[in-house]
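The values are calculated or read from the model by the stated rules, or taken from the named source; none is laboratory data. A quick note: this is a predicted structure, and the numbers were derived from the prediction, not measured. In this analysis, Cβ positions are derived from the backbone assuming ideal geometry, glycine residues included, and neighbour counts consider all displayed protein chains. Ligands, DNA and RNA are excluded from the accessible area calculation, which covers all protein heavy atoms including side chains. Shrake-Rupley method; radii C 1.70, N 1.55, O 1.52, S 1.80 Å.
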Amino acid sequence: MPNLRVALAQTDPRVGDIARNCDEVVRWSKEAVAGGARLVAFPEQVLTGYPVEDLALRGSFVEASRAALVELAARLADEGLGEVPVVVGYLGRKPETRAPQNCAAVLHRGEVVLRFAKHFLPNYGVFDEYRYFVPGDQLPVLRVDGVDVALAICEDIWQDGGRVRAAGQAGAGLLLVINGSPYERNKDDQRLELVQRRAAEAGCTLAYLNMVGGQDELVFDGDSVVVTAGGEVLARGPQFAEQLLTVDLELPAAHSTDEDGTVYSDGLRLLRVDLGGAPIAQPQPAPAQEFPRLDDEAEIYAALVTGTRAYVRKNGFRSVLIGLSGGIDSALVAAIACDAIGAENVHCVSMPSRYSSDHSKDDAAELARRTGLNFRTVSIAPMFDAYMGSLGLSGLAEENLQSRLRGTLLMAISNQEGHIVLAPGNKSELAVGYSTLYGDSVGAFGPIKDVYKTLIFRLARWRNEQAQLRGETPPIPENTIVKPPSAELRPGQVDTDSLPDYDLLDTVLDLYIEHDLGRDAIVAKGFDAAVVDRVVRLVDTAEYKRRQYPPGPKISAKGFGRDRRLPITNGWRRG
């Protein structure tokens, strides 16, 4: 059987930065070719970054992508890389109508030798591709070194039939799928099962290449994988890290004599390009690459760090600013920020009021000492007294004034010094509206926005344990983790004054939000009706707050954001 060395470039493109993305294709292609690769692949829309969203509707951007594709083909040849075919994703057009398409191409010997468009367009969750693109109707097959390689893009394997079935009908020896598949908790196992099932359906080895990095709320975790038709994992890339995954594949020799235009499953027409060449015996086998899987806490924490780093860097910032209260939420955000961009680029401010406890002030200072981040204290007491003297506020208005003064302070320092502000709200609090508009919701990015409070504690403990395993000082003080959560906006305040215990609250929220159960269904599971009624009412009436919260890394299937809303009345959600 012919041997084909394939290099999957698991990279981190930037939306809109076509020149940089092309530079990265050249850089990784050099490494792949130097390693003996005979076929190199890059992720979905690697030239433009993904998702491009409404940039797809800007004609000048589409033309810039198409022009860059042609220039990149010539550049690869000029760099001595032209003899090895390179598969790249880009933003293109349907020739007949000029409608935008999510495309990929094969570059070889200075030319664009094959172009095709994504067949199945996702239109659920964070995806809205029917708004931007029209589907492709071809089955592209590349004959390289005597092997037929069928090509597909992401959603093409998430739907039944289509290019998977057609690849089997065409007798392909390899199905190569380039992806921009966002991270969700436990999705790596789901993906592996999908890839194994599709490889069996196509009757051939399947190479699944995914990007890494982040774009706004989306985090891409890599986790590229190659499996045989029998489901054996031949290679698997790391999670949340760039990597050139190189694998030697023993594949059947091309034998199909079907002509261009042959119609397969779902009306897909064969588009074959024969690059010639014969199987090449590699002087040394490629080392087996199967990176270890991350456990649940490690995976989630890596997603939060990756998303935060990407948002800060890709928006042109070098440093972040956090209000450090001494509580668990801001402590975890600070730890994430230090791991994402380095403690020297993290600036924290303690902003005590008359109600701030000594232990909270001490815990904030201790975290700063342990991590080495930049730390200062600015009391809000003078400002608070001035407002109170003028307005004579009381109750909730007095409490929220403290939060809004802190928000104003953070934005003033941000404007003065050029830091981007990170908001510390978690999913439990955002779900029930336990936050202050223009106060603790101030910020450009919320690193723990999609993390429930009970998981916050688990992640904090996990991060400290990892530090201890490395012989380092745990970043988060133990007292921050064990003390009762409190906003400290009035004497003796704790969160359970206003909310159920977080273990109970998060369980009800999980059923209502993640599992879409109505009030009656939750009560039927044994939960107190009064508690459920209260939680459901809080969730439904807090939508206006959630709509104004900054974006944050999406780690669940149902994060709060542009792809998800909840009602402002619960009358229809009883069942």
Specify which of the listed residues (S360, S390, S379) is outside any helix (DSSP H, G or I) and either among the hydroxyl-bearing types (S, T, Y) or surrounded by 17 or more Cβ atoms within 10 Å (Cβ to Cβ) (or both).
S379
Quick one: would you say S330 is open to solvent by less than 20 Å² (accessible area, probe 1.4 Å) and either hydrophobic (A, V, I, L, M, F, W, C) or in a helix (DSSP H, G or I) (or both)?
yes
Of everything in region 445-460, what is open to solvent by less than 10 Å² (accessible area, probe 1.4 Å) and under 18 Å from T480 (Cα atoms)? Give them in sequence order.
I448, V451, K453, I456, L459, A460
Any chance you could count how many residues in region 216-248 are out of contact with any Phe, Trp or Tyr (no Cβ under 8 Å at 6 or more places or on another chain) and of a type in the set (D, E, K, R)?
5
Log entry, pairs with first residue in region 335-351 being within 19 Å of P474 (Cα to Cα) and open to solvent by 20 Å² or more (accessible area, probe 1.4 Å), second being acidic (D, E) and part of a loop (DSSP other than H, G, I, E, B), beta carbons closer than 7 Å, six or more apart or on different chains, reads none
Among the listed residues R309, R293, which satisfies the condition of being under 23 Å from F375 (Cβ atoms) and in contact with a helix residue (DSSP H, G or I) (Cβ under 8 Å, 6 or more places away or on another chain)?
R309
Tell me, yes or no, whether region 405-419 has at least one residue that is surrounded by fewer than 22 Cβ atoms within 10 Å (Cβ to Cβ) and among the basic types (K, R).
no
Do any helices (runs of 4 or more DSSP H) entirely within region 473-558 hold 1 or more residues that are touching a residue at least 40 places away in the same chain (Cβ under 8 Å) and within 20 Å of P424 (Cα to Cα), and if so, which?
478-482, 502-509, 529-541, 543-546
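Just to be sure, is Q402 in contact (Cβ under 8 Å) with a residue 24 or more places away in the chain and assigned to a helix (DSSP H, G or I)?
yes
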Top-ranked residue of region 94-110 - restricted to ones that are under 20 Å from P13 (Cβ atoms) and in contact with a helix residue (DSSP H, G or I) (Cβ under 7 Å, 6 or more places away or on another chain), ranked as most open to solvent (accessible area, probe 1.4 Å):
P100
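The rows are residues; the columns are (1) touching a helix residue (DSSP H, G or I) at 6+ places or on another chain (Cβ under 7 Å); (2) surrounded by fewer than 18 Cβ atoms within 10 Å (Cβ to Cβ); (3) free of Cβ contacts under 8 Å to residues at least 24 places away in the same chain.
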residue	(1), (2), (3)
F116	no, no, no
G125	no, yes, no
Y130	no, yes, yes
F133	yes, no, no
L139	yes, no, no
I153	no, no, no
I157	yes, no, no
R163	yes, no, no
Number of positions in region 72-90 that are crowded, with 24+ Cβ neighbours inside 10 Å and either under 17 Å from P140 (Cβ atoms) or hydroxyl-bearing (S, T, Y) (or both):
6
When residues of region 300-327 are limited to those that are part of a loop (DSSP other than H, G, I, E, B) and either closer than 24 Å to P484 by Cβ or not hydrophobic (A, V, I, L, M, F, W, C) (or both), the one most open to solvent (accessible area, probe 1.4 Å):
R318
So which residues in region 499-521 are open to solvent by less than 30 Å² (accessible area, probe 1.4 Å) and under 23 Å from F457 (Cβ atoms), if there are any at all?
L499, P500, Y502, L505, D506, V508, L509, L511, Y512, I513
Note on region 186-204: residues farther than 22 Å from F291 by Cα and open to solvent by 10 Å² or more (accessible area, probe 1.4 Å) are A200, E201, G203
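Whether any residue in region 47-66 is assigned to a strand (DSSP E or B) and either without any contact (Cβ under 8 Å) to a residue 24 or more places away in the chain or more than 21 Å from K314 (Cβ to Cβ) (or both) is what I want to check.
No, every residue in region 47-66 fails to be assigned to a strand (DSSP E or B) and either without any contact (Cβ under 8 Å) to a residue 24 or more places away in the chain or more than 21 Å from K314 (Cβ to Cβ) (or both).
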Residue identified as more than 33 Å from the chain's Cα centre (by Cα), closer than 24 Å to G136 by Cβ and open to solvent by less than 60 Å² (accessible area, probe 1.4 Å) among L218, L275, L268, L209:
L275
Considering every residue within region 89-99, establish whether at least one is hydroxyl-bearing (S, T, Y), in contact with a strand residue (DSSP E or B) (Cβ under 9 Å, 6 or more places away or on another chain), in contact (Cβ under 8 Å) with a residue 12 or more places away in the chain and assigned to a loop (DSSP other than H, G, I, E, B).
no
Single unsatisfied condition, A337 versus (1) in a helix (DSSP H, G or I); (2) more than 12 Å from L321 (Cβ to Cβ):
(2)
Among the numbered criteria (1) modelled with pLDDT of 95 or more; (2) more than 20 Å from I448 (Cβ to Cβ); (3) among the acidic types (D, E), which one does D516 miss?
(1)
Go through (1) part of a helix (DSSP H, G or I); (2) without any contact (Cβ under 8 Å) to a residue 60 or more places away in the chain and name the single condition L367 misses.
(2)
Give the residues of region 454-470 that are free of Cβ contacts under 8 Å to residues at least 60 places away in the same chain and under 19 Å from G326 (Cα atoms), sorted by residue number.
T454, R461, N464
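Quick grid of which residues meet (1) farther than 23 Å from L245 by Cβ; (2) of a type in the set (A, V, I, L, M, F, W, C); (3) open to solvent by less than 10 Å² (accessible area, probe 1.4 Å):
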site	(1), (2), (3)
L8	no, yes, yes
G16	yes, no, no
R20	no, no, no
D23	no, no, no
G36	no, no, no
V70	yes, yes, no
